[in-house]
Amino acid sequence: TERLKAGLAKTRSKLGKQLAGLFGGGKIDEDLYEELETVLLTADMGVDATMHLLGDVRERVSLKGLKDASELKGALKDSLLELIGPLEVPLSVEGKQPFVIMMAGVNGAGKTTSIGKLAKYYQSQGKKVMLAAGDTFRAAAREQLIAWGERNNVTVIAQQGGDAAAVCFDAIQAAKARGIDVVLADTAGRLPTQLHLMEEIKKVKRVIQKAIPDGPHEVMLVLDANTGQNAVTQVKAFDDALGLTGLILSKLDGSAKGGVIAAIAKQRPVPLRFVGVGESIDDLRPFSARDYVDALFD
Ligand code: GDP
């Protein structure tokens, strides 16, 4: 929680200060609800989640007969926890060998960094990890992954040129032969509006299915927390195209927009598996809704 708190420092200082002002004193009245609405929207929770939370808080207030503004905090924490709680679904990589995780996201979202962090995370649990350098558009991405693999003793399957689907196919075959537990398949960054690239990533998924019939076992979208409301658009578009099973929200440490988690929970609740709270290899945390809410308010 301490680390998550540190990671949320920006969202917290912004949202926290504004909320503290609201809960300061006085009576619960319409003016207070209006201020609360503004604060939630400013924290990038989006209109849908904000309206939902306001309605839910009002209900709690009337049910419990709360009168004092200071009592609003508990009601809001409960509402927020209920809203984002369903996003907390830990990812289990047990029961499949190899367990294949396919990564997707826009350029710069934090995909490659997150793959490194995940590799470390699973290695430290005693898993044998392999990387598939499926970002075949940028030579630098391949080199980055290979260099990272060498430093950390993780096998990287890569091809000069070639296509992403073929790299992933080869990696899964190699992983089967070598008794690998977890395959992390990188893909090139793309925008949901680049339709030919969205077709290309659908093909990567289809080819993975040819290599391992019940795979990919996880289709994971990496989102930059600074994207704010646009993150929801990305979730919807990638989910429609690929059928997402999980999310990573990166760069939560540098973002004042952590409220976007509420927007995702309301508008397209794909499990939030991990949050990135820094650039170093250990800065990845399984998402905890309770820790997140506590970090925001306390
Ligand atoms: P990709 O294009 O999606 O593969 O993005 P990268 O993994 O290359 O990351 C882009 C930049 O974001 C790099 O400078 C990373 O160090 C940085 N980054 C990634 N995740 C985090 C995070 O959780 N916190 C911070 N502060 N920076 C991050």
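Bear in mind that the values in this text are calculations on the coordinates, not laboratory data. Bear in mind the structure is a predicted one, so any value in this text is a computation, not a measurement. For neighbour counting, all protein chains shown are included, and Cβ atoms are generated from backbone atoms with ideal geometry for every residue, glycine included.
For the pair Leu66 and Lys5, label points projected 7 Å from Cα toward Cβ lie 2.2 nm apart. What's the FRET efficiency of Lys236 with Asn153 using the Cβ-Cβ distance as r and R₀ = 25 Å, to the nearest 0.05? About 0.05, to the nearest 0.05. Projecting the Cα atoms of Gln159, Ile201, Ile180 onto the charge dipole of region 146-236, computed from C-beta unit charges around the Cα centre, puts Ile201 farthest toward the positive end. Can you compute the FRET efficiency between Ala20 and Gln229 using 1/(1 + (r/R0)^6), with r the Cβ-Cβ distance and R0 = 41 Å? Round to the nearest 0.05. Approximately 0.95, to the nearest 0.05.
When both bridge partners sit in the chain, DSSP labels roughly 15% of those beta bridges antiparallel.
Figure the gain on full extension for Glu37 and Ser280 (residue separation times 0.36 nm, minus the Cα-Cα span) and round it to one decimal in nm.
Net length gain for the segment: 83.9 nm.
Pairs exceeding 21 Å between alpha-carbon atoms, taken from Lys120/Lys202; Lys27/Lys64; Lys117/Lys176; Lys5/Lys251; Lys14/Lys236: Lys120/Lys202; Lys117/Lys176; Lys14/Lys236.
Quick one: longest stretch of the chain between exposed loop trypsin sites (Lys or Arg not before Pro), exposed meaning at most 14 other C-beta atoms within 10 Å and loop per DSSP? With a cap of 14 other Cβ atoms within 10 Å, the longest stretch comes to 139-298. For the residues Asp56, Asp283, Asp224, a GNM of the chain with alpha-carbon springs under 10 Å puts the largest fluctuation on Asp56. For region 198-285, the relative contact order works out to 27 percent when only alpha carbon pairs closer than 8 Å and six or more residues apart are counted. Cβ crowding within 10 Å ranks Met198, Met45 as Met198, Met45, fewest other Cβ atoms first.
So what is Rg over Rh here for region 192-298, counting just Cα atoms and using Kirkwood for Rh? Dividing the radius of gyration by the Kirkwood radius yields 1.01. Among Ile115, Ile212, Ile261, which one shows the biggest mean-square fluctuation in a GNM of the chain, springs joining Cα atoms closer than 10 Å? Its mean-square fluctuation being the largest, the pick is Ile212.
Computed over region 117-252, the convex hull of the alpha-carbon atoms projects to a mean area of 8.3 nm². When each of Val61, Val222 is scored by the number of other beta-carbon atoms lying within 10 Å, the sequence from fewest to most is Val61, Val222. With helices as the sole contributors, the chain gives -15500 deg cm²/dmol at 222 nm; each DSSP H run of n ≥ 4 counts as -39500 (n - 2.57), and the sum is divided by every residue. The modelled label-to-label distance between Lys210 and Ser288, using points 7 Å beyond Cα along the C-beta direction, is 4.4 nm. The Leu191 and Glu59 beta-carbon pair, evaluated with R₀ = 41 Å, returns a calculated FRET efficiency of approximately 0.55. Largest GNM mean-square fluctuation across Ala185, Ala140, Ala241, computed for the chain with C-alpha springs under 10 Å, falls on Ala140.
Taken over the Cα atoms of the chain, the convex hull encloses 119 Å³ per residue. Please report the net charge: other residues with Cβ closer than 13 Å to the Cβ of Ala165, K and R +1, D and E -1. Here the count lands on -1.
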